[in-house]
Structures are given as C-alpha cells and as structure tokens.
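Some notes on the structure that comes next.
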Amino acid sequence: MGDKEDSSDATTKSSSLHPVYTVTNIQNKIRILDGIKVTYSSWVKLFKLHAKGYKVLDRIDGSDPPPESDPTYVLWAEIDAIVLQWIYGTLSDDLLARVLDMDTTARTAWLKIQEIFLSNKGSRVAALEHAFTNLTLAGSSSMEEYCQRLKEIAEQLNDVGYPVPEGRLVLQLVRGLPQEYDPTAAFINQYSPTWDVALGMIQLEQQRQLARQNSSQSVLFTPQGTTAATPNQQQQQHAFSPNQQ
C-alpha cells in the first residue's frame, strides 16, 4: 500500500508541475536576439510561440498579475522570474546591458526591448532603406551573403512597420546583380517568380558561369609539364620532321 501511495503522490506532483519548470536551456529553443542575424520580429515570434506552449504567454501579453495578497501571487512571481530569465538569456550582450534589471517583471523587460527596436522609426527606416536599395552582389563576399543580407534588412524594415513585399524583395535581388546576369534578370523581371524560384534561377546561372569560367581557364599539360601542341603545331612539326626528308 505504501508503494502505491508514494507512486500516486509522485504522479500528482508531476501532473501539477507547471510546464515552465521543464525548460532546462531556453537558448536551445529561442535564438539570441542581436537585431542583425536574428531580427526583433523573428525573436518575438519564437518567444511568443514558446511562451504559449509553456503556458506563460500571460507574463508578456499585458495580462494583469494577481494582487500580492492573493495566495497564488508567490507562484506567479516565481514563474514570472523564470520568464524574465528567458528574456535575459536570449539577448545579445549589448542588449542585455541596456535592459538588465533585477527589480522588474518579464512584461516590463519585454516592453523595454520593444521600445529599443520600435522607437525613432523615421531615422531607422531611412537608414535601412538606404542599405536595402544600395546592396549589391559586387559589394558582398558571396551570393549567399548577398541574399541573406537582403532578407535581414527586409525583416528589420518589417520590425519598424515598413514591410517589404516579396515582389519588391525579388526586384531588389535582381537589381543588385552584375551585368553578366542580365539574361536571367530579364526573365525574372518579366515573369515575377517567388523569392525561392528567383533565387534558384540565379544560383543555377552562377553555377553555369563558374563552370564555363573553369573550362576556359583550364590548360592541358604534358607529363613533362610543357603545353600540349595544338593541331596546327602538330602539322608543322610533322612537316619539318627529319624522318620525312
């Protein structure tokens, strides 16, 4: 009987345990917000998704906490502190230094981060628009870096309330390409494919150009390291061969 009672107690405790206590490392679930590689809007979406799944969305959505006299307040404050740890644990060092405060709530920290990214919209939009329209493949280290940077700037514009439609993103992708991509660019401009399709077409064209470049630069060498004779040279060598006299 004793064993059954102990088992029952363990089951009860397990079922009453709040889901938030099962998270051991929030960084495995939510990426670090730095405003560049991980934009504010992406971080918010991920954070809210996990907050909803672990039943703590009310800590950041503005829901009123219970009064301090309420018996549930102690547990509420404990869980709120854990959510605050989640927030602090998924910020870059620079952002953490700006919002870190021991005597605060998860909601207050959440609003402070929101203010950092959504204030001074005018100047932020101007700077981001300039970066977006002036980004080119020639100014990037690779095609991958060029495309990724375009997407990142578009997401940052979305953060400040100026979303970039997919069609405009594709047009800017094409606009920043060098002239050797003109035939592919013309096709994309004519048919307005999705971002993924347009990117695939450009990557195929890049592979074709690299293959052609490698082919044109290849030189045939003999085992001794001398350049192989062309057909013309072979004919000339045959004509003046001593064996033919």
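The values are calculated or read from the model by the stated rules, or taken from the named source; none is laboratory data. Since we're looking at a predicted model, the values are computed, not measured. Here Cβ is always computed from backbone atoms with ideal geometry, including for glycine, and neighbour counts include all displayed protein chains.
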Lone unmet requirement of (1) of a type in the set (A, V, I, L, M); (2) in a helix (DSSP H, G or I); (3) within 20 Å of Phe132 (Cα to Cα) for Leu204: (3)
Unmet requirement for Lys52, which otherwise passes all of (1) surrounded by fewer than 17 Cβ atoms within 10 Å (Cβ to Cβ); (2) under 19 Å from the mean Cα position of the chain (by Cα); (3) not aromatic (Phe, Trp, Tyr): (2)
Qualifying residue in region 93-116 (condition: farther than 26 Å from His50 by Cα and surrounded by fewer than 15 Cβ atoms within 10 Å (Cβ to Cβ)): no
Cβ pairs under 7 Å, 6+ apart, first in region 108-128 and within 18 Å of Gly62 (Cβ to Cβ), second in a loop (DSSP other than H, G, I, E, B): Trp110/Ile60; Phe117/Gly35; Leu118/Val160
Residue, surrounded by the fewest Cβ atoms within 10 Å (Cβ to Cβ), within region 188-201, restricted to residues that are assigned to a helix (DSSP H, G or I) and over 23 Å from the mean Cα position of the chain (by Cα): Gln190
Only one of Ala185, Ala154 that is small (Gly, Ala, Ser), more than 30 Å from Ser119 (Cβ to Cβ) and part of a helix (DSSP H, G or I): Ala185
Qualifying residue in region 99-114 (condition: out of contact with any Ser or Thr (no Cβ under 9 Å at 6 or more places or on another chain), assigned to a helix (DSSP H, G or I) and acidic (Asp, Glu)): no
Enumeration of residues in region 17-45 that are in a loop (DSSP other than H, G, I, E, B), surrounded by 12 or more Cβ atoms within 10 Å (Cβ to Cβ) and more than 13 Å from the chain's Cα centre (by Cα): His18, Val23, Lys29
Which listed residue, of Thr39, Thr72, is farther than 30 Å from Arg124 by Cβ, among the hydroxyl-bearing types (Ser, Thr, Tyr) and at pLDDT below 95: Thr72
Pairs where the first residue, in region 156-175, is in the same structural domain as Asp34 (by TED's automatic domain parsing) and over 16 Å from Ala126 (Cβ atoms) and the second is small (Gly, Ala, Ser) and modelled with pLDDT of 90 or more, C-beta under 6 Å, 6+ apart: none
Hits in region 211-220 (condition: modelled with pLDDT of 80 or more and among the polar types (S, T, N, Q)): Gln213, Asn214
Unique residue being closer than 30 Å to Thr39 by Cα and either at pLDDT 90 or above or surrounded by fewer than 10 Cβ atoms within 10 Å (Cβ to Cβ) (or both) when the list is Arg175, Arg208: Arg175
Filtered residues of region 50-75 (kept if in contact with a Ser or Thr (Cβ under 9 Å, 6 or more places away or on another chain) and closer than 26 Å to Gln27 by Cβ): Tyr54, Leu57, Arg59
